[in-house]
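Inspection log for the structure reproduced underneath, given as structure tokens.
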Amino acid sequence: MSGAALTVKTRPGDNLMFHKALDMAQKGDVIVVDAGGDMTNAMMGELMAHYAESRGVAGIVINGAIRDVDEIYRLELPVYAAGVTHRIHIKMDYGEINVQVAIDGMVVSPGDLIIGDDDGVLCVPFEQAEGLLKAAQAKQKAEQEELKKIKTGCSDRSWVEKALSDKNCFIAS
């Protein structure tokens, strides 16, 4: 998953502004919802997930709970949530859209690059995205070269002994 952040800050369990963000979303956006990490009420279920997918949303990140996970997992829409509950949401309070939010300490501003895979989600501030891409491509290239060496039995592991020696570590044999 990757795309520009469309942020939502809302009261725990209240998804009214999340619905509005779905209507505002552009194709490729990642909707990031700060619901305070509350697990009491689900912020979305299968209907909202299907609607998001139909709008071309690239993914959803929720600091809160979801429901209908079996159906959501069948979709092409990546959804990351803090948890799962069977309890439904409410629609009664105000929230904010396109404001800075925090997801478990990760600060997300509108338009930041949101990236997610099986290992989790990260946020890259918009102004750092190009530099990070170049660094990630260089790291990927280096790792592919090392993988080739590992597969052919030519990997140089002498760096381990040097690092231990530099730190005056003693290994009993």
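The values are calculated or read from the model by the stated rules, or taken from the named source; none is laboratory data. Computed from a predicted structure; not experimentally measured. Cβ: placed from backbone, ideal geometry, glycine included. Neighbour counts: every protein chain shown.
Quick rundown of the values:
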{"item": "Pick from region 154-173, criterion among the acidic types (Asp, Glu) and at pLDDT 90 or above, ranking: nearest to the chain's Cα centre (by Cα)", "result": "156"}
{"item": "Failed condition for residue 48, given (1) modelled with pLDDT of 95 or more; (2) in contact with a strand residue (DSSP E or B) (Cβ under 8 Å, 6 or more places away or on another chain); (3) of a type outside the set (Ser, Thr, Tyr)", "result": "(2)"}
{"item": "Evaluation of residue 40 against (1) part of a helix (DSSP H, G or I); (2) more than 19 Å from the chain's Cα centre (by Cα) (one fails), failing number", "result": "(1)"}
{"item": "Unique match (being under 18 Å from residue 28 (Cα atoms), β-branched (Val, Ile, Thr) and within 18 Å of the chain's Cα centre (by Cα)) among 99, 84, 69, 57", "result": "57"}
{"item": "Subset of region 1-48 that is buried (at least 23 other Cβ atoms within 10 Å of the Cβ) and charged (D, E, K, R) - its residue that is nearest to residue 86 (Cα to Cα)", "result": "34"}
{"item": "Residue 63 being surrounded by 13 or more Cβ atoms within 10 Å (Cβ to Cβ), among the polar types (S, T, N, Q), at negative phi and modelled with pLDDT of 95 or more", "result": "yes"}
{"item": "Residue within region 44-58 that is within 20 Å of residue 114 (Cα to Cα) and charged (D, E, K, R) present", "result": "yes"}
{"item": "Residue ranges of strands (runs of 3 or more DSSP E) in region 59-173 with at least 2 members assigned by TED's automatic domain parsing to the domain that holds residue 30 and over 14 Å from residue 2 (Cβ atoms)", "result": "59-66, 79-84, 101-103, 106-108"}
{"item": "Total residues in region 135-156, condition loosely packed, with under 10 Cβ neighbours inside 10 Å and in contact with a helix residue (DSSP H, G or I) (Cβ under 9 Å, 6 or more places away or on another chain)", "result": "2"}
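Quick grid of which residues meet (1) surrounded by 10 or more Cβ atoms within 10 Å (Cβ to Cβ); (2) in contact (Cβ under 8 Å) with a residue 40 or more places away in the chain; (3) of a type in the set (A, V, I, L, M):
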{"site": "93", "(1), (2), (3)": "yes, yes, no"}
{"site": "133", "(1), (2), (3)": "yes, no, yes"}
{"site": "158", "(1), (2), (3)": "no, no, no"}
{"site": "171", "(1), (2), (3)": "no, no, yes"}
